[in-house]
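A quick write-up on the structure given underneath.
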Amino acid sequence: MNNTLKDLLEEKRSVILTKWFDSILDTYPADDSGFLKKQKDRFLNPIGHTFTNGIDGVLGGLISGQDVEESASFLNDIIKVRAVQSFSPSKAMGFIFALKKVVREELKKEIRQNQINEELLGFESKIDDLALFAFDIYAKCRDQLSEQKTEELKRMTFSLLKKANLVSEIPAQEFERKDLDFNI
Amino acid sequence: MAPKVKLPKPGELSIIDYSLPATDWMDTPVEFKPNTFCWGAKGKDLETLGLPNARDWNPSEEDWKLPENWEQTVLDGIAERLSKYRSFKIFMDICVRCGACADKCHFYISTGDPKNMPVLRAELLRSVYKRYFTKSGKLFGRLAGGRELTVDVLKEWWSYFFQCTECRRCSVYCPYGIDQAEITIIGRELLNLLGLNINWISGPAAACYKKGNHLGIEPHALTGIIDSMCDDIEDITGIRVNPTFNRKGAEILFVTPSGDFMGEPGIYTCMGYLMLFHELGLDYTWSTYASEGGNFGFFTSNDTAKRLNYKIYAEAKRLGVKYIIGGECGHMWRVLNQYMDTWNGPADFLEVPKSPITGTVFENAKSTKMIHISEFVADLIKHNKLKLDPSRNDHLKVTFHDSCNPSRGMGMFDEPRHIIKAVCNNFYEMPENTIREQTFCCGSGSGLNASENMEQRMRGGFPRANAVRYVQQKHGVNMLANICAVDRAALPALMNYWNPGVEVAGVTELLANALVMKGEKERTLDIRLNDLPGKGGNE
């Protein structure tokens, strides 16, 4: 990334993060109390904490130009939350694209003055890469919810089926008996 | 000439409004999205329980098959409860909207949905109360905060009263002492007048009514299950445990939630009880009839709860025991501690519980005659009556989740911690504002631990999981201990989603791991039949 854009992003980092954070919170139901923004205790407001921390990590990664995978843990934290909040997939993931809008608006004047449209395009392509990566995480979270449903059912019933002699487990050592010679 | 159409400029087109259309809460109907609500009660179960409007129905369908004149039924129901429960009337009138409760609910914290603020959840019902039962509401309607009872309002009640887990965290902060759980309880009662329960509650309640426990385990199956646990105990310890069932003349009756009979990791806690009682040589018996400590009737209606609870004292009387010990459970203890005595007591045929090992008299249970396994065990440990080898739990880094009901419902904070510290060498508390009376709910309490609402459960449990994550990252915690059967059923999924690597165990399971039994063989296996690290196992 061109240094000019990098410097600008660094310079405006805190205001970009605030606006990005606000745009994410705008996807939640209108709430006059402003709880998700105001409560700073990480245990009393885990959503606010996760997002604040997460977007800071993601933006940091984008600015420093590190691989998308490096931002994975921050993305993961945010998406895990978004994946269980009744959002449609597009809405759950929209927060990533919102960064483009925030950056374009915040750096409007500078972009024009410094002729850094190309760098900006490069930066935005990286956001797109991030979005693709994020989609994988989202799909994994949703798959996990389905798996957990099945898992709970098994947890509830497996020991019962065993007791009723409807299923049985073959002990590992028996299974590994070498003297059985199958011709397959 | 055709009118000139004003086309938006490219700049205008790129402006996208991401904000939601704001409507007043009274005008925002509830939406039923898959994964976020429980299935409706089945007709056959409602019939078994003798509850009205028994039929199969589906919450996501438009038609809820409500009975004729249902509005009157609900209004009559409110009137009856206002006259019967003074607390309900006070809770409807006294709230000053100070907002102290607003940000205390785990569902609000994890969704930002204002209707999950306890104050607004109560307002869903209160607005109807105002419209029909107060002068100002009758005269000024909406201006005075009142609203008509409509199908949409009813659906909203159903959605939010089956989102509240009756954990009572909000009540801890209410300056007026309004118990929001009681408002939910009454809300659910009113819904039950129209046959609007959820399947995960009415199914177990019906099974309990017919067979004595939520899982519908019949007497021969229960003895079989416990017998096979005894086989496993013999494999682990070399000792044959021989529990008795329905034995008349035993000193103590032991009652535990049926979740401990089936499913992992509940069964390991049950094996712990068996080992402990055997080691103590306790004169106790199991009952295959009073085979459920939990009470899903409590999430249905006062009458249903009372009926399901009746069997505990009745069985104690039939067997002629002196007192009752209860296993690790959550809501079971709110019921036993705060309701059983007035519903089905006084149990004057029983004696005040006195530990036969230490002689301690449990004055706190003077009236109910039923004590919690953790207070019984903590007393044993305090008097040095158990031989323990905590190093058997050295591979575990343990934190403790205060279950809502034993902590807020009966003030049990220190006993389980006393036990854990005696049986484990590595114990780490979660942050102060997430434990003890401020504990966060597992997100699945009050009958909401069904699987179909998995998404709802995962978000409801997020504040809890978030605190566990902190100790997982800071101290390497890998075991979440608790004293609740619903926790043991619900938390494994929660940990799997938010904090992979953290397992879930009942406190008595940890105790059983550490318990050195007379004549036992050298242990190489833990209670889960896994190799004990550093004890001759493979790991």
Over all directions, the average projected area of the alpha-carbon convex hull for region B:203-514 comes to how many nm²?
14.4 nm²
Per q in 0.18 Å⁻¹, report the Debye log10 I(q)/I(0) for region A:3-149, using one uniform scatterer on each alpha carbon and no solvent.
-1.09
Tell me which of B:Asn453, B:Cys484, B:Asn499 sits at the most positive position along the dipole axis of region B:442-500, charges placed on C-beta atoms (Lys, Arg +1; Asp, Glu -1).
B:Asn499
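Can you check what the Kirkwood hydrodynamic radius comes to for region B:252-405, Cα pairs only, in Å to one decimal?
This gives a value of 16.4 Å.
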For B:Lys44, list the lysines whose Cα falls under 30 Å from its own Cα; do not include residues on the same chain fewer than 8 positions away.
A:Lys149, A:Lys154, A:Lys162, A:Lys163, B:Lys33, B:Lys65, B:Lys84, B:Lys155, B:Lys210, B:Lys211, B:Lys306, B:Lys311
Label model pair A:Leu153, A:Gln113: point-to-point distance (7 angstrom along the Cα→beta-carbon line) in nm is 6.2 nm
Taking the dipole about the Cα centre of region B:26-197, with the C-beta of Lys and Arg at +1 and of Asp and Glu at -1, give me whichever of B:Cys174, B:Gly50, B:Leu124 is farthest to the positive side.
B:Cys174
Rounded to a whole number of µm²/s, how large is the Stokes-Einstein D of chain B at 25 °C and 0.890 mPa s, given Rh as the Kirkwood radius over C-alpha pairs?
99 µm²/s
Does a label point 7 Å from the Cα of B:Phe349, set along Cα-to-beta-carbon, have any residues of region B:292-321 with amide nitrogen under 15 Å, and which are they?
B:310-321
Of A:Gln39, B:Trp333, B:Met26, whose Cα points farthest to the positive end of the dipole of the protein assembly as shown (charges on the beta-carbon: +1 Lys, Arg; -1 Asp, Glu; origin at the Cα centre)?
B:Met26
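Say R0 is 56 Å: what FRET efficiency, to the nearest 0.05, do A:Arg104 and B:Lys44 get from their beta-carbon distance?
Numbers: r = 60 Å, r/R0 = 1.07.
For A:Arg104 and B:Lys44, the calculated efficiency is 0.40.
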Could you pull out every residue, at least 5 positions away or on a different chain, whose amide H is within less than 5 Å of the one on B:His372? Hs are placed 1.01 Å off N in the peptide plane, and Pro or chain starts have none.
B:Gly326
Taking R0 as 45 Å and r as the Cβ-Cβ distance between B:Lys317 and A:Lys91, the FRET efficiency 1/(1 + (r/R0)^6), rounded to the nearest 0.05, comes to 0.15
So how far, in whole Å, is the C-alpha centre of region B:479-525 from the one of region A:126-158?
26 Å
With θ set to phi - 60° and the Karplus curve 6.51 cos²θ - 1.76 cosθ + 1.60, what are the ³J(HN,Hα) couplings of region A:69-84 in order, to the nearest whole Hz, using x for Gly and Pro?
4, 5, 8, 3, 5, 5, 4, 3, 4, 5, 5, 4, 5, 4, 6, 10
Rounded to whole angstrom, the alpha-carbon centroid of region B:347-415 lies from that of region B:113-192 at a distance of 37 Å
Working out 0.36 nm times the residue gap between A:Asn3 and A:Asp67, then minus their Cα-Cα distance, what length gain in nm do you get to one decimal?
21.3 nm
Explain nothing, just compute: Karplus ³J(HN,Hα) = 6.51 cos²θ - 1.76 cosθ + 1.60, θ = phi - 60°, for every residue of region B:237-245 in order, whole Hz, x for Gly and Pro.
10, x, 10, 8, 9, 10, x, 10, 10
Let a ≥ b ≥ c be the square roots of the eigenvalues of the Cα gyration tensor of region B:122-192; is it rounded (a/c under 1.5), or, if not, prolate (a/b larger than b/c) or oblate?
oblate
Overall form of region B:247-333 per C-alpha gyration tensor (a/c, 1.5; a/b vs b/c):
oblate
With equal scatterers on the alpha carbons only and no solvent term, can you work out the Debye log10 of I(q)/I(0) for region A:3-81 at 0.12, 0.27 1/Å?
-0.38, -1.32
In order over region B:517-530: 3J(HN,Hα) from phi, Karplus 6.51/-1.76/1.60, θ = phi - 60°, whole Hz, x for each Gly or Pro, gives 9, 5, x, 7, 7, 5, 7, 10, 10, 8, 5, 8, 6, 9
Global size of the protein assembly as shown as Cα Rg and Dmax, reported in angstrom
28.2, 104
Would you please report the Å³ per residue occupied by the convex hull of the alpha carbon atoms in region B:180-244?
136 Å³
Inter-probe distance in nm under a simple model that places probes 7 Å from Cα toward Cβ, at A:Asp56 and B:Asp27
4.0 nm
Roughly what angle does helix B:180-192 make with the longest principal axis of chain B, taking Cα atoms, 0 to 90 degrees, to the nearest 10?
70 degrees
Setting aside same-chain residues fewer than 8 positions from B:Lys385, which lysines have a Cα under 29 Å from its Cα?
B:Lys248, B:Lys322, B:Lys354, B:Lys366, B:Lys369, B:Lys397, B:Lys421, B:Lys518, B:Lys521, B:Lys535
If each DSSP helix of 4+ residues adds -39,500 (n - 2.57) and the sum is divided by the residues in the protein assembly as shown, what number results at 222 nm, nearest 500 deg cm²/dmol?
-15500 deg cm²/dmol
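Counting residues in region B:26-197 as N, plug N into 2.2 N^0.38 Å and put the Cα Rg over that result.
Working: Rg = 15.7 Å, N = 172, 2.2 N^0.38 = 15.6 Å.
That ratio works out to 1.01.
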Label-to-label distance, nm, for residues given as B:Asn364 and B:Asn384 (7 Å Cα→Cβ offset):
2.4 nm
Built amide H within the under 5 Å cut-off of B:Leu388, gap 5+
B:Val516
In debye to the nearest 20, how big a dipole does region A:3-149 give about its Cα centre with +1 on each Lys and Arg Cβ and -1 on each Asp and Glu Cβ?
460 debye
Any residue on another chain or 5+ positions along whose placed amide H is under 5 Å from the amide H of B:Gly330 is listed here as B:Ala485, B:Val486
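Every number in this text was worked out from the coordinates using simple rules, so none of it is lab data. As the structure is a prediction and not an experimental result, all values here were calculated from the model. Using ideal geometry, Cβ is built from the backbone for each residue, glycine included, and neighbour counts are taken over all protein chains shown.
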